[in-house]
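To start, the structure itself, in structure tokens.
Only the coordinates and a few stated rules stand behind these numbers; no lab work does. This is a predicted model, so every value here is computed, not measured. FYI the Cβ positions are ideal-geometry reconstructions off the backbone, even for glycines, and counts take in every protein chain you see.
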Amino acid sequence: MKLYSFWRSLATYRVRIAMNLKGLKPDEVIDINLMKGQQREDAFRKVNPMMAIPALVDGDGPALFESLAIIEYLDETHPNPPLLPKDPKGRARVRGLAQLVAADSHPLIVPRVREYLAHEYKLDEATVTKWAQHWHRAALTALETHLADKATGKYAHGDSITVADICLASQGAGAGFFKVDLAPFPNFKRVLDACMQNDAFARAHPLKQPGAPASV
Ligand SMILES: N[C@@H](CCC(=O)N[C@@H](CS)C(=O)NCC(=O)O)C(=O)O
């Protein structure tokens, strides 16, 4: 397996957690430096026309793209441990929590959006950071309410790790990058802390990747 990755990428963090949980290790990790704009170079555009990571090539391909699609592929090809509950309503809740992060919140704070705000609308760095913090807090507020539900256990859905926890972990890392205080979100923080006790999550953290700074 070949994983296109960058230390800071929250979407790639999600895939790394899933791979760790399933005991999978990429044979090759290809660094796409988002800070240097390598995602827009021709070579990578051929891999993922959206110019975003992660992308995963399993065997002779094709390249898989979108973190949630990649994680479900890994779950289908390596079913243990399962990352979705068995019952349809549980699966819908877990997918909903995951998409709240990966489809509603994260796309608003990725480099291409922040760069567009800065270049096209001439917003300064502090204002762009305020934008990112706003959308972080909007997602965290919704997650906090969801996590107060009795369906939540040690983890986001019951006592087993699911793809919802993987997405929560990426939201938590993003909150750290953008200096969003998690104190107003105690349910979120409790589940995040439970996840981070797990080595599969801890090892996959952006700041543990080659090339990452000691802190941001
Ligand atoms: N919805 C996608 C998001 C992919 C994405 O936007 N990745 C970011 C890094 S976390 C990226 O490569 N951004 C490049 C850019 O914004 O220019 C997923 O979950 O895989």
- Rounded to the nearest 0.05, what FRET efficiency do residue 36 and residue 150 have when you use their Cβ-Cβ distance and R0 = 45 Å? 0.45
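List the GluC sites (Glu not before Pro) in the range 68-167 that DSSP assigns to loop (not H, G, I, E or B) and whose Cβ has at most 13 other Cβ atoms within 10 Å. Which are they? Don't skip to the end; give the middle numbers.
Values: sites: 72, 76, 115, 120, 125, 144; in loops: none.
Passing both the DSSP loop test and the Cβ count: no residue.
Per the helix-only calculation at 222 nm, which mean residue ellipticity applies to the chain, given -39500 (n - 2.57) for every DSSP H run of n ≥ 4 and division by its residues, nearest 500 deg cm²/dmol?
Values: 9 runs with 106 residues, N = 216.
Computed mean residue ellipticity for the chain: -15000 deg cm²/dmol.
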- Note on the structure: Counting only residues 5 or more apart in sequence or on a different chain, those whose built amide H sits under 5 Å from that of residue 8 are none
- Gaussian network model of the chain, Cα springs within a sub-10 Å range: biggest mean-square fluctuation belongs to which of 94, 191, 29? 29
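For residue 89 and residue 127, FRET efficiency with R0 = 35 Å and r from the beta-carbon atoms, rounded to 0.05?
Numbers: r = 41 Å, r/R0 = 1.18.
Approximately 0.25, to the nearest 0.05.
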- Message: Under the 0.36 nm per residue contour assumption, what length would be gained going from the current alpha-carbon distance of residue 183 and residue 138 to full extension?
- Response: 14.8 nm
- Which log10 I(q)/I(0) values, to two decimals, does the chain give at q = 0.12, 0.16 Å⁻¹ under the Debye formula with one point per Cα? -0.61, -1.11
- Which residue fluctuates the most in the chain, going by a Gaussian network model with Cα springs under 10 Å, if the choices are 83, 74, 182? 182
- Message: Under a crude label model (7 Å from the Cα following the beta-carbon direction), how far is residue 216 from residue 69 in nanometres?
- Response: 2.5 nm
- Full extension between residue 80 and residue 45 adds, at 0.36 nm per residue less the Cα distance, a length in nm of 9.3 nm
- Item | Positive dipole terminus of the range 1-127, leading residue within 52, 38, 11 (C-beta point charges) | 11
- Query: Which whole-percent values make up P(r) of the range 23-148 when all C-alpha to C-alpha distances are grouped in 10 Å steps starting at zero?
  - Reply: 10, 31, 34, 21, 4
- Message: Can you list residues from other chains, or at least 5 along the same chain, whose modelled amide H is less than 5 Å from the amide H of residue 30?
- Response: 3, 4, 5
- Query: Given a cut-off of under 8 Å on Cα pairs at least six residues apart, what relative contact order in percent is computed for the range 1-159?
  - Reply: 18 percent
- Item | From phi via Karplus (6.51, -1.76, 1.60), per-residue ³J(HN,Hα) for the range 49-58 in Hz, x at Gly/Pro | x, 6, 6, 9, 10, x, 9, 10, 10, 9
- Post the alpha-carbon centroid distance, the range 139-175 to the range 52-127, in whole angstrom. 15 Å
- Query: Any idea what the dipole of the chain comes to, in debye rounded to 20, about its Cα centre with Lys/Arg Cβ at +1 and Asp/Glu Cβ at -1?
  - Reply: 340 debye
